[in-house]
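**Q** Sharing a structure, written as structure tokens. Questions coming.
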Amino acid sequence: MPSRKFADGEVVRGRWPGSSLYYEVEILSHDSTSQLYTVKYKDGTELELKENDIKPLTSFRQRKGGSTSSSPSRRRGSRSRSRSRSPGRPPKSARRSASASHQADIKEARREVEVKLTPLILKPFGNSISRYNGEPEHIERNDAPHKNTQEKFNLSQESSYIATQYSLRPRKEEVKLKEIDSKEEKYVAKELAVRTFEVTPIRAKDLEFGGVPGVFLIMFGLPVFLFLLLLMCKQKDPSLLNFPPPLPALYELWETRVFGVYLLWFLIQVLFYLLPIGKVVEGMPLIDGRRLKYRLNGFYAFILTSAVIGTSLFQGVEFHYVYSHFLQFALAATVFCVVLSVYLYVRSLKAPRNDLSPASSGNAVYDFFIGRELNPRIGTFDLKYFCELRPGLIGWEALLTTMDIIHDGFGFMLAFGDLVWVPFIYSFQAFYLVSHPNEVSWPMASLIIVLKLCGYVIFRGANSQKNAFRKNPSDPKLAHLKTIHTSTGKNLLVSGWWGFVRHPNYLGDLIMALAWSLPCGFNHILPYFYIIYFTMLLVHREARDEYHCKKKYGVAWEKYRQRVPYRIFPYIY
């Protein structure tokens, strides 16, 4: 095994990706497998660099000491006399060195796809703006000890210094060279920003859900598990001792008429979504600075849906048909989900890089699952936003600042969750009670209602507070809330609901899930699958949030963890 050259904690100079500029960095760790060093820049940015991109501080000090070949006067482009050339004419090699160096840097920036930004932010130094998930973020520093000793770097000054380091051009040519340098730097920065956000593949060890094998098992295992649950529930004795349940023939699960009814339901919700009623709001900024517009008319869709169902009941439509064909509806929704997922992946192959999800990896199986395109749209019709809110979960409107919208692509994971898992698992208790009724006393019913309302208040209050803060942190209504400043320019809430636990919305969600399960009684554990599964889901989702926030906010996130130690359950977890 090759030995490492630099030790953890050592302060060295690290080359900024895609340029010839070196900045002071601290060695954090070393990966013996990939032979990459994880380093931390002054502004908190963490990168992985190759060993030949790192130089000891002493090498730079020696260079600054001044040798005959690179004296300060020559670095600033002053002319020197030569017996073999006229005084005003620089050597040809010197005239070409700067532009050739920059051309090489641009090519190198395109080639170096192995460089990975830990916080997913490419932060130029100085008074500049970087982007995370498309949102412009002014770089500011954390309130850390020795703040007054931090260096302030200016990218344009140092790059022009490097560009003219070996140049002997006259003044006018030097000015022209600086203009060329500035244009090329902007091009390199733009290329790096796009490459870092989209092109840089996620390494195998960073893939979520168990990587490619994990998502492969999920895509095949979840539909099978769903049908086994529904079949167990239809048994006279739904005990786990009777697992597995008798399996029906495949032709019994498919009915074309049921698939037609499902499509009709889907298209009715599309029609309600497209109605020009309700206010239009802007989502979070994308990587290119655009803000997509969304129409919030879920409440009107709910009212219209209720009116359609009420009218159908008045006309004598038998809604028992839904229960008696529940398995067929589940299969119809699964088939529709698979077809939609294939369409989403195929169309994403032609999507611009700026439209791709930061969660995509470059692996076809993983990207089919996690979603390759961030916000697939047909005209103004947003497929992800619609499927998240309408066919299976009408009314959840504080969605635009969640991980689903700003980070995950739209693939099998969200399509199956929105169109199959949510409508058929979240209504599982009602499906169970049809065949296994349970009487609930008034005191017990009252307790369940109070529990449900408490969960709703926590869930709604936390989501509304977070949504309002992200949209307008300077809102006077939020002035009483305490925050922690981050190097991205954003603030983290450390009071209100978000000072109680790190994810109070998850806590409210779980309380409501328990309230939905309690009416089923305690004869069988089957109806409590919802709360058991939901707990595992939100714990895993919280771990994903923790991972992304730690990369994004760095030291500020550690401060937040100290201020708010519990993740979901106070004094427990």
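The values are calculated or read from the model by the stated rules, or taken from the named source; none is laboratory data. No experiment lies behind these values; they were computed from the predicted model shown. Every residue, glycine as well, gets a Cβ built from its backbone with ideal geometry; the counts of neighbours run over all protein chains shown. With ligands, DNA and RNA removed, areas are computed over all heavy atoms of the protein, side chains included. Shrake-Rupley method; radii C 1.70, N 1.55, O 1.52, S 1.80 Å.
**Q** Determine how large the accessible area of Trp421 is when every protein chain is in place; take a 1.4 Å probe and give Å² rounded to the nearest 10.
**A** 20
**Q** Which order do Thr488, Thr311 take by accessible area at a 1.4 Å probe, largest first?
**A** Details: Thr488 5, Thr311 80 Å².
Correct descending sequence by accessible area is Thr311, Thr488.
**Q** For the stretch 3-42, give the percent of accessible area contributed by carbon and sulfur heavy atoms, probe 1.4 Å, rounded to a whole number. Mind showing how you got there, number by number?
**A** Working: 740 of 1610 Å².
Using a 1.4 Å probe with all protein chains present, the stretch 3-42 comes out at 46 percent carbon and sulfur.
**Q** Expressed in whole Å with the largest first, what are the equivalent ellipsoid semi-axes of the stretch 428-573 derived from the C-alpha gyration tensor as the square root of 5 times each eigenvalue? Could the numbers behind the result be given before it?
**A** Details: eigenvalues 250, 57, 26 Å².
Over the Cα atoms of the stretch 428-573, the semi-axes work out to 35, 17, 11 Å.
**Q** Could I ask something else about it? Pull out the extension gain between Glu282 and Val322, defined as 0.36 nm times the separation in residues minus the alpha carbon to alpha carbon distance; nm, one decimal.
**A** On the way: separation 40, 0.36 × 40 = 14.40 nm, distance 3.70 nm.
Between Glu282 and Val322, full extension yields 10.7 nm more.
**Q** Given Lys42/Lys477; Lys279/Lys477; Lys350/Lys550; Lys350/Lys466; Lys40/Lys293, which pairs have Cα atoms separated by over 27 Å? Display every interim value, and only then the final one.
**A** On the way: Lys42/Lys477 35 Å; Lys279/Lys477 22 Å; Lys350/Lys550 32 Å; Lys350/Lys466 35 Å; Lys40/Lys293 37 Å.
Exceeds cut-off: Lys42/Lys477; Lys350/Lys550; Lys350/Lys466; Lys40/Lys293.
**Q** Identify the chymotrypsin sites (Phe, Trp or Tyr not before Pro) of the stretch 281-363 meeting these criteria: DSSP loop state and at most 12 other C-beta atoms within 10 Å of the C-beta. It would help to have the intermediate numbers written out before the result.
**A** Details: sites: Tyr294, Phe299, Tyr300, Phe302, Phe314, Phe319, Tyr321, Tyr323, Phe326, Phe329, Phe336, Tyr343, Tyr345; in loops: Phe319.
Taking the stretch 281-363 and a limit of 12 other Cβ atoms within 10 Å, the loop chymotrypsin sites (Phe, Trp or Tyr not before Pro) found are Phe319.
**Q** Let me ask another. Can you pull the semi-axes for the stretch 330-458, root of five times each eigenvalue of the Cα gyration tensor, sorted largest first, whole Å? Kindly include the intermediate steps, with their values, before the conclusion.
**A** Details: eigenvalues 248, 61, 26 Å².
For the stretch 330-458, the ellipsoid semi-axes come out as 35, 17, 11 Å.
**Q** Using protein chains only and a probe of 1.4 angstrom, how many square angstrom of Ile531 are accessible, to the nearest 10?
**A** For Ile531, the solvent-accessible surface is approximately 30 Å².
**Q** For the stretch 414-567, report the accessible area per residue in Å² (1.4 Å probe, heavy atoms, rounded to an integer). Can you show the working numbers first?
**A** Numbers: 7230 Å² over 154 residues.
Result: 47 Å² of accessible area for each residue.
**Q** Continuing with the same structure: What's the FRET efficiency of Val338 with Tyr566 using the Cβ-Cβ distance as r and R₀ = 51 Å, to the nearest 0.05?
**A** Computed FRET efficiency for Val338 and Tyr566 comes out at 0.85.
**Q** Between rounded, prolate and oblate, where does the stretch 382-467 land on the alpha carbon gyration tensor, with a ≥ b ≥ c its root eigenvalues, rounded for a/c under 1.5, else prolate if a/b exceeds b/c?
**A** Numbers: a/c = 3.64, a/b = 1.48, b/c = 2.47.
Since a/c reaches 1.5 but b/c is at least a/b, the shape of the stretch 382-467 is classed as oblate.
**Q** Can you pull the Rg over Rh of the stretch 344-404, Cα-only, Kirkwood?
**A** Details: Rg = 12.3 Å, Rh = 12.5 Å.
In the stretch 344-404, Rg relative to Rh is 0.98.
**Q** Give the ranking of Lys471, Lys490 by solvent-accessible surface, highest area first, calculated with a 1.4 Å probe.
**A** On the way: Lys471 110, Lys490 50 Å².
My answer, sorted largest first, is Lys471, Lys490.
**Q** Keeping the other protein chains in place, figure out the carbon and sulfur percent of the accessible area of the stretch 286-367, with a 1.4 Å probe. Could the numbers behind the result be given before it?
**A** On the way: 2900 of 4320 Å².
Accessible surface attributable to carbon and sulfur in the stretch 286-367 totals 67 percent.
**Q** Let me ask something else about it. Mind ordering 513-520, 241-248, 218-225, 384-391 by average Cβ neighbours within 10 Å, highest first?
**A** Details: 513-520: 20.1, 241-248: 10.5, 218-225: 14.6, 384-391: 22.2.
Packing order, densest peptide first, comes out as 384-391, 513-520, 218-225, 241-248.
**Q** Once you sort the root eigenvalues of the Cα gyration tensor of the stretch 287-345 as a ≥ b ≥ c, which label holds: rounded (a/c under 1.5), prolate (a/b larger than b/c) or oblate (the other case)? Intermediate values should be presented prior to the final figure.
**A** Values: a/c = 5.13, a/b = 1.39, b/c = 3.68.
Because a/c hits 1.5 or more and a/b fails to exceed b/c, the stretch 287-345 counts as oblate.
**Q** Based on the Cα gyration tensor of the stretch 1-48, what are the three equivalent ellipsoid semi-axes, each the root of five times an eigenvalue, rounded to whole Å and given largest first?
**A** On the way: eigenvalues 68, 28, 18 Å².
Each semi-axis is the square root of five times an eigenvalue, giving 18, 12, 10 Å.
**Q** Given the options Leu313, Tyr273, Tyr294, identify the residue whose Cα lies farthest towards the positive end of the charge dipole of the stretch 255-319 (+1 on Cβ of Lys, Arg; -1 on Cβ of Asp, Glu).
**A** With unit charges placed on the Cβ atoms, the residue in question is Tyr294.
**Q** Apply the a/c threshold of 1.5 to the C-alpha gyration tensor of the stretch 267-389 and tell me whether it is rounded, prolate or oblate.
**A** Working: a/c = 3.54, a/b = 1.47, b/c = 2.40.
In terms of gyration-tensor shape, oblate.
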